[in-house]
1. Name the one entry in Ala95, Ala86, Ala170 that is over 30 Å from the mean Cα position of the chain (by Cα) and in a helix (DSSP H, G or I).
2. List, please: which pairs have Cβ atoms under 6 Å, are six or more places apart or on different chains, and start with a residue in the range 1-19 that is within 16 Å of Val53 (Cα to Cα) and end with one that is among the acidic types (Asp, Glu) and not in a helix (DSSP H, G or I)?
3. Collect the residues in the range 263-288 that are modelled with pLDDT under 50 and surrounded by fewer than 16 Cβ atoms within 10 Å (Cβ to Cβ), keeping them in residue-number order.
4. Scanning the range 221-254 for residues that are assigned to a loop (DSSP other than H, G, I, E, B) and surrounded by 14 or more Cβ atoms within 10 Å (Cβ to Cβ), which turns out modelled with the lowest pLDDT?
5. On the given criteria, is Leu60 in the same structural domain as Gly24 (by TED's automatic domain parsing), in a helix (DSSP H, G or I), of a type outside the set (Ser, Thr, Tyr) and without any contact (Cβ under 8 Å) to a residue 40 or more places away in the chain?
6. Answer yes or no: is there a residue in the range 15-34 that is surrounded by fewer than 16 Cβ atoms within 10 Å (Cβ to Cβ) and under 16 Å from Gly103 (Cα atoms).
7. Out of curiosity, is Leu16 outside any loop (DSSP other than H, G, I, E, B) and more than 19 Å from Ala107 (Cβ to Cβ)?
Amino acid sequence: MRILIVDNDTHTRTALSDFLTDEGYEPTTESSGSAALTRFRQQPFPLVILDQVLVGMNGLDLLARIKAECREAVVIVITSFPALAAAVRALRLEAFDYLIKTGDEFAQLQGTLLRATALIGQQQQRNELTDSLQQRISSLQEENRRLIVDHRDPTTGLEETGQFMNRVQAEIDRSYRHQRHFSVVILRFNAETEIGTTQYKVRALDGNLPLLVQKVRDRLRHSDVLARYDENTLSLILPETGREGALLVAQSIVALCSDIAAALLGEQFTVGHGLLQVGVACFPDDGLDQNELIDRATRTTTDIGSSSVH
């Protein structure tokens, strides 16, 4: 293990370095606080032994600087001039130990080194475990992102039914916890629609859906969730939105009717051809779970030709 020794006395530095080398450590010595701090910043040491009295920078000030650079660094303070105030400050600065030079300090240092080495080993194991867990979390997050992308509707890029239902459940949990409202809106495009006595089949729905999706998105907030529920159905989650607000959003989407008819039927038609149906359900008034909400919104879908959206 690498150890940084900081002492302005040449004899002490040499003796301590020789002792640590014999004990199997890799000591590096510096004679001043400023030089030691520069060395530590270049490559932090897991363990530092420093004298309380140094030329220039005080030893306890150096302790504070080292801890600011690396909180996990283990620092042992040794001194020939012990003082209660200095000992208290050293411990408050999270010194590992405060040792007094007695002429036989290597004996007490030996026990302190064993405890410090054990602590550093625990820190390293914890850091390795943390790094391993973080790598695992990152891997899972990446896999989750990949799965989300893989399960998006290839035509519109929207989330599909499974993710949408998960989103509804998450919004139920959040709204229940914070006593909030939210709404679900169902937008259903009829595959066939009658105009007068003629039945028109909607042409190239998939080819035109991306444009329609963009038009709908332009009327939504960033927090709103738009998904493709099934082949002919889009679904919406409107967080923090009660029935009145949801109806306004639905009416705004209904205003897209002429563009939708033109895109899907290939001609200009007036509203009311049963091309689009819109339904709204509000939590908690219309249901307390996702199935109730979706069922209510689906059962109450109303032709855009009707006088209102329900």
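The values are calculated or read from the model by the stated rules, or taken from the named source; none is laboratory data. For clarity, every value in this text was computed on a predicted model and none was experimentally measured. As a convention, Cβ positions derive from the backbone with ideal geometry for all residues, glycine included, and neighbour counts pool all protein chains shown.
1. Numbers: Ala95 fails: in a helix (DSSP H, G or I); Ala170 fails: over 30 Å from the mean Cα position of the chain (by Cα).
It is Ala86.
2. Short answer, once both residue conditions are applied: Val6/Glu30; Asp7/Asp51; Arg13/Asp7.
3. Gln268, Thr270, Gly272, listed by residue number.
4. Keep residues of the range 221-254 that are assigned to a loop (DSSP other than H, G, I, E, B), which gives 221-224, 231-232, 240-242.
Now restrict to residues that are surrounded by 14 or more Cβ atoms within 10 Å (Cβ to Cβ): 224, 232, 240-242.
Working: Asp224: 93, Asn232: 80, Glu240: 93, Thr241: 93, Gly242: 92.
Among residues in the range 221-254 that are assigned to a loop (DSSP other than H, G, I, E, B) and surrounded by 14 or more Cβ atoms within 10 Å (Cβ to Cβ), the one modelled with the lowest pLDDT is Asn232.
5. On the way: in the same structural domain as Gly24 (by TED's automatic domain parsing): yes; in a helix (DSSP H, G or I): yes; of a type outside the set (Ser, Thr, Tyr): yes; without any contact (Cβ under 8 Å) to a residue 40 or more places away in the chain: yes.
Yes: the conditions hold for Leu60.
6. yes
7. On the way: outside any loop (DSSP other than H, G, I, E, B): yes; more than 19 Å from Ala107 (Cβ to Cβ): no.
No; evaluated as a whole, the condition is false for this residue.
Here's the yes/no breakdown for (1) farther than 20 Å from Val53 by Cα; (2) of a type in the set (D, E, K, R):
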position	(1), (2)
Arg92	no, yes
Ile100	no, no
Leu113	yes, no
Ala116	yes, no
Leu140	yes, no
